[in-house]
1. Within the set of pairs 6+ apart or on separate chains, which have a first residue in the range A:490-508 that is surrounded by fewer than 22 Cβ atoms within 10 Å (Cβ to Cβ), a second that is among the β-branched types (Val, Ile, Thr) and not in a strand (DSSP E or B), and C-beta atoms under 9 Å apart?
2. Among the residues of the range B:91-102, is there at least one that is touching a residue at least 12 places away in the same chain (Cβ under 8 Å) and over 30 Å from B:Ile123 (Cα atoms)?
3. Scan the range A:243-269 for residues that are out of contact with any strand residue (DSSP E or B) (no Cβ under 9 Å at 6 or more places or on another chain), in contact (Cβ under 8 Å) with a residue 24 or more places away in the chain and either outside any helix (DSSP H, G or I) or at positive phi (or both) and jot them down.
4. Please specify each residue of the range B:124-159 satisfying the condition of being more than 7 Å from every other protein chain (Cβ to nearest Cβ) and either in contact (Cβ under 8 Å) with a residue 24 or more places away in the chain or in contact with a Lys or Arg (Cβ under 6 Å, 6 or more places away or on another chain) (or both).
5. For A:Ser306, state whether it is outside any helix (DSSP H, G or I) and either modelled with pLDDT under 95 or over 23 Å from the mean Cα position of the chain (by Cα) (or both).
6. Given the conditions (1) more than 7 Å from chain A (Cβ to nearest Cβ); (2) among the hydroxyl-bearing types (Ser, Thr, Tyr); (3) free of Cβ contacts under 8 Å to residues at least 12 places away in the same chain, and given that B:Tyr84 satisfies all but one, which numbered condition is not satisfied?
7. Conditions: (1) closer than 17 Å to A:Thr320 by Cα; (2) at pLDDT below 95. A:Glu452 meets all but one. Number of the miss?
8. Looking at A:Met338, A:Met265, which one is in contact with a helix residue (DSSP H, G or I) (Cβ under 9 Å, 6 or more places away or on another chain) and under 24 Å from A:Ile223 (Cβ atoms)?
Amino acid sequence: MQHHYHHRSQSHLSAGVPTTPGGETQFASEAKLGKKRGSYNCGRCGLPKKGHSCHVAITTAAIESTPTHADSSVAISATSSLSTTRPPPLRQHCSNLRRALSFDDDVEDVRGGFPEPEAAYDEEDLQFDDPFPDPDSGGFPPGCLWEILRRLPPVGLLAAARVCKGWRETARKLWRAAEELRLRVPARAQVGFVGSVLQKCPGLVRLSLRMESDVDATMLACIAFSCPNLEFMEILKSDTAMNRITGDELGRFVADKRCLKSLKMEGCSNLGGFVLCSSSLSTLWLSDLFSLSKTVFNCPNLKEISLEFSRQQNDSTDLTSMVDGLGRYCTRLQNIHMASLRLSHSVVLALTGAQLRWLRMLSLVLGSEITDASVAAIASSYPNLELLDLSGSSISDSGIGMICNVFPETLSRLLLALCPNITSSGIQFVTAQLPLLELMDCGMTICDPNSENPLAGESNDWELKNISKTKLHLVHQKLIIKHNRLKKLSLWGCSGLDALYLNCPELNDLNLNSCKNLHPERLLLQCGNLESVHASGCQELLIEAIESQVSNDFLAMENVLPCKRLADGSKRVHVPHFLSAQSYDDDKKQRVKRQRCNVLVR
Amino acid sequence: MSSSSSPMQSTGRKLKLKSKDDETFEVEEAVAVKSQIFKYMVEDGVSNGPIPLPNVNGKTLARVLQWCQKHADPTITEDELNKYDAGFIDVDQAVLYDLLMAANYLNIEELLKLACMRVADMIKGKSPDEIRRTFNIKNDFTPEEEEEVRKENAWALGP
C-alpha cells in the first residue's frame, strides 16, 4: 500500500501550496471541505517496489480549519503556557488519507489491464500465415489488432467493437481474457452500465471502480453476480458521489465472495457497523468510517488493515473494543493503520494486549491522547516493527528514546509528523540511533503552530522578547543529520528550523516546504543522490541556495570523461551524458538516466 | 541511407538487407538484432548475401533501421529516447500503417508497441463511425447485427 507522500506535506498548512492542479493556496480557502486528489506516485515509503505494502499514512488535501477550532486552541495554549508539554496543535490538515495506487489519474482514460496475447489465443489464431490483410478489409492483421485494441481503455474498446466484425471478435476475446479492470463510472452513467461491462469479462480477478455516481448495494450485487473469480476489489469515490452501502450489505458480500482477498472502499460513512466473515480476506481498507456500533472482524487470514475514521467530532465508535476484537480474531495481522481523533492510550493497550506475532507495521495517527506510555507499551509488545507512525500524537523526546532503544534492528520507517512535543534533539537522536532508517517524517514538529499566521506576513523579524520560555525550543533550531541509508526526509512546516546540515548519500527526496525560517546561508546539502527537493513556501534566497547546492553536487559527478582507444590507435574522447564511468563498459543496452535534482516550489 | 556505423559499436559486422523495391541497406549487427528475425539469423550464422525482405519497401525499411540505430545507441538517455519516439511515431496514417506492418513482420517488439500505442491513441475518443473513416474500414455488419452490437457495447452515457 503506497501512500501519497507529497500531498500531505504540502497541502496541510495554511500557507502551503497544494499540488493538485487548480488547488487553492490561500488561507481563506481552507474553510471549504473536500478532498483534494492528486497524482498517485509511489508513496512515502520511498521504496518503489511494485506491490510493496508500505503502510504509511499520508494526510492530504483540504484544510478543514474552522474558526471554532482556532479559538479553542488559542485558549488551550494560554492556560498551559507554564506546562512542559503542549497540547497537540489544531488539526489543520484533513487527512483524507489517499493511498497511492498506480491509478491513472487521467479521468478520461481508465486503462484496463488486458493480458498478453499468448495467454488468450485459441489454436486457430496462432497461425499467422498471411501477415498482411486483405486490402479490401482495411483492417490490421490479427496479431496487430490485438496489440492495438488491448491498449484501449474500457470505453474505447466498447466503441472499437462496433467498427466491424473482425474488431468485434478481437474485442470479445480481449474482454474474455481480461483479468483486471479499472473503470470510472461517470456521474450520469446509464443504469446497468457497470453491469454490462462486467458481464463481458467473467474472468475478472481485479476490479477497481472510481464512482462518480452514487454507489449502493445493487452495485455489490452486480459485482457478485458478474465476477465469480474476483479477488481484488476497490471502490473509490469522488467527492460528489455518495456511498450508501450498509454494514449488513457489505457483510453479506464479503461472506459470499469466497475468493475475495482484498477489499478497499472509500466513503464508508453509512456502514454503521458490520460483521465481516471471510477466510480468504487478507487486505481490508475502509475509509471515512463514522460512528460504528458493533464491529466483528472474523477474518483469520487478515494481514493488512486500514481503518480511517472521518474527522467529525462526534464519532461514537468504541475503538477500544473494536481493536480488542481485531486482536482476538485476526492474529495474523502484519500491517495496521488506524486514523482517528479518538485514538488513545487505552486503544493502544487493547492492541498490545493482543498477540499479534507478525505485526511489522503500525500506524496510529491523529490520536492526541497517545502518549509516551503508549510507546512503552508498543515497544514492549512488538519489538520488531519495521514501520511506526505516530503522527499527531503527544509523544515526546523520551518516547523517541524508547523507540531508539527497542527498534534499531528493524525500524526503517518512522513518522512523527505533527507531534508537538518532540524537539530537534529528539529528531537528531533518531537519525543517530536507527541505522536502518530509510524514511523519516518530522513535518510540523519544530514549529509553533499557534504563531502560524500567514496574514501576519513574512516572519523574518523575530521579536524575541515576546516569545515565552517554553517556546524557545521551537525557534532557531539546528539539525545535523548524517545517515547512510536515509532515502526520504520530510521537514515540512518546520518553521522553527533555521539551520540544516544533511550528509545523506542515499537521500532521494527532501521536503522543506514552509521551512520559512531556514537560513540560506545555514543550509548545507551533501546528498549526491538527491532527486527532488520540495521548497514551496520558502524564502526566495533559500530556494536559490538549494538550487545552487544541488546543481553543484550534480556537476561534481560529471567530471568523468571516458575515452576509448580505437583499433587504429587513435583515441576518441567521448563526452558522456551519464554520471558514472562504468556504464560505458556495460555490454547490456542500459538506458542511462541523467540524474537531475528538481527543486519543486509548487 | 547506407551504412549506419555508430562510433560505439565495436564488432563491425554488418548485415545486408534488400527491400521489396530492391533497395539495399547495410546495417551493423548490433542494430539489426533489434529485430528478432535478424537476431536468429545472426545467431544461426545465416547472414551471407543480402537478406531479401519482400514485404517491406525501401522507404519504410530506412525508417525502421533509423529507429533501430537510435535504440541501439548505449549513450542515449531514456528521456532523449522517449522524445525521439514521440517524434518518430508522429506520422501520417499511411506511414504509420507501413511501420506497423514492418515492425510486425520483422518482429521488432518495441517498435510494434510504439506503433500500436499510436494507433490506439488515434482510436481513443472516437465513435465507431469516426474510427471507420480514420482507418478506411468497411462496416460489414448487417443493420440487425449493428443494432445488436450497439446494445452489447452500450456506452456509459448514451448511444
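1. A:Asp498/A:Val475
2. Within the range B:91-102, not a single residue is touching a residue at least 12 places away in the same chain (Cβ under 8 Å) and over 30 Å from B:Ile123 (Cα atoms).
3. A:Cys259 - this is the single residue of the range A:243-269 that is out of contact with any strand residue (DSSP E or B) (no Cβ under 9 Å at 6 or more places or on another chain), in contact (Cβ under 8 Å) with a residue 24 or more places away in the chain and either outside any helix (DSSP H, G or I) or at positive phi (or both).
4. Of everything in the range B:124-159, just one residue is more than 7 Å from every other protein chain (Cβ to nearest Cβ) and either in contact (Cβ under 8 Å) with a residue 24 or more places away in the chain or in contact with a Lys or Arg (Cβ under 6 Å, 6 or more places away or on another chain) (or both), namely B:Thr134.
5. Here the answer is no, as A:Ser306 does not meet what is asked.
6. Evaluating B:Tyr84 over (1) more than 7 Å from chain A (Cβ to nearest Cβ); (2) among the hydroxyl-bearing types (Ser, Thr, Tyr); (3) free of Cβ contacts under 8 Å to residues at least 12 places away in the same chain leaves (3) as the failure.
7. Going through (1) closer than 17 Å to A:Thr320 by Cα; (2) at pLDDT below 95 one by one, A:Glu452 breaks only (1).
8. Numbers: A:Met338 fails: under 24 Å from A:Ile223 (Cβ atoms).
Residue meeting the stated conditions: A:Met265.
The values are calculated or read from the model by the stated rules, or taken from the named source; none is laboratory data. Just so it is clear, the model here is predicted, and its values are computed rather than measured. Quick reminder, even Gly has a Cβ in these numbers, built from the backbone with ideal geometry, and neighbours come from all protein chains shown.
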